[in-house]
Structure formats: structure tokens, C-alpha cells
1. From the phi angles alone, apply the Karplus equation (6.51, -1.76, 1.60; θ = phi - 60°) to the range 32-44 and give each ³J(HN,Hα) in whole Hz, x where the residue is Gly or Pro.
2. Taking a virtual spin label 7 Å from the Cα of SER53 along the C-beta vector, which residues in the range 68-84 bring their backbone nitrogen under 17 Å of it?
3. Given +1 on the Cβ of Lys and Arg, -1 on the Cβ of Asp and Glu, and no further charges, what dipole in debye does the chain carry about its Cα centre, rounded to the nearest 20?
4. Can you tell me which lysines have their Cα less than 21 Å from the Cα of LYS43? Leave out same-chain residues fewer than eight positions away.
5. Please give the contour-minus-distance gain from GLN81 to THR100: 0.36 nm per residue of separation, less the Cα-Cα distance, rounded to one decimal in nm.
6. Using a 10 Å cut-off on Cβ atoms, rank the peptides 34-45, 84-95 from the highest mean neighbour count down.
7. Points 7 angstrom from Cα along the Cβ direction at GLN44 and SER116: gap in nanometres?
8. Taking a probe of 1.4 Å, how large is the accessible area per residue of the chain, in Å²?
Amino acid sequence: QVQLVESGGGLVLAGGSLRLSCAASGIIFSINAMGWYRQAPGKQRELVAHIISGGSTNYADSVKGRFTISRDNAKNTVYLQMNSLKPEDTGVYYCNVHFTAVGAYWGQGTQVTVSS
């Protein structure tokens, strides 16, 4: 059974920083891609950042230049460094890991709240 455990959310003032982590445990299959999504109240879940096995990344336009996604393959962990946070970054952040053999799994979500 695969589990994704997220950590690092919280309350921060606008302009501040947070670092999210998502560690995969259990039966670990080959990981193809890892990513972060977020869902604000009343809105659909949206892609924030994505990194594939070769290291290529892509970001939502709204976070380019402020957020950085990275992964530690040895630890089966993906990170999201969030700088210069804005109130509109508020939401529940979910990690998503796509395993080559069994498809995608979601983390439980971690709340990020940015106050102005």
C-alpha cells in the first residue's frame, strides 16, 4: 500500500515563505512524475508545479519565479519551496505522485493560509 505524507503547511504573513514536503512510503514503485496542486475555497483544484523523472519542471504562471519544486529520489520525496507568498496562494495543497506501474496517488492535503 502506497502512502503519501505531506507536511509543512501553516499560517504565514504575505511576503513570507513556507516549504512543503511529501514523502512516499509503503510499496514504492518506479516514480514517473511528482507534483503539487492546490484548491482554494469555492474553486477547482489546479496544478501548481510538476517535476518529471528527468528533472524537467513546469509551473503555473501565477507562481513562476516564486515557487520551486524539487525532488529527492533517494527519499521518494518531493518539495515545494514557496517564497513571496500572497493571500491568493491560500488553499489546501495536495501532492500527487504518478507511479509508472500503478498510476497516480494523492496526499491528504495540507492547509496553507497567507494573511495580508
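The values are calculated or read from the model by the stated rules, or taken from the named source; none is laboratory data. All figures in this text were calculated on a predicted structure; none of them were measured in a lab. FYI the Cβ positions are ideal-geometry reconstructions off the backbone, even for glycines, and counts take in every protein chain you see. Remember, those area values only see protein heavy atoms, side chains included, never the ligands or the DNA or RNA. Shrake-Rupley method; radii C 1.70, N 1.55, O 1.52, S 1.80 Å.
1. With coefficients 6.51, -1.76 and 1.60, one gets 8, 8, 9, x, 10, 10, 9, 9, 8, x, x, 10, 6 Hz.
2. 71-78
3. For the chain, the charge dipole is close to 80 debye.
4. List returned: LYS64, LYS86.
5. Residue separation times 0.36 nm, minus the Cα-Cα distance, leaves 4.3 nm.
6. 84-95, 34-45
7. With each label placed 7 Å out from Cα toward Cβ, I get 2.6 nm.
8. Per residue, the chain has an accessible area of 51 Å².
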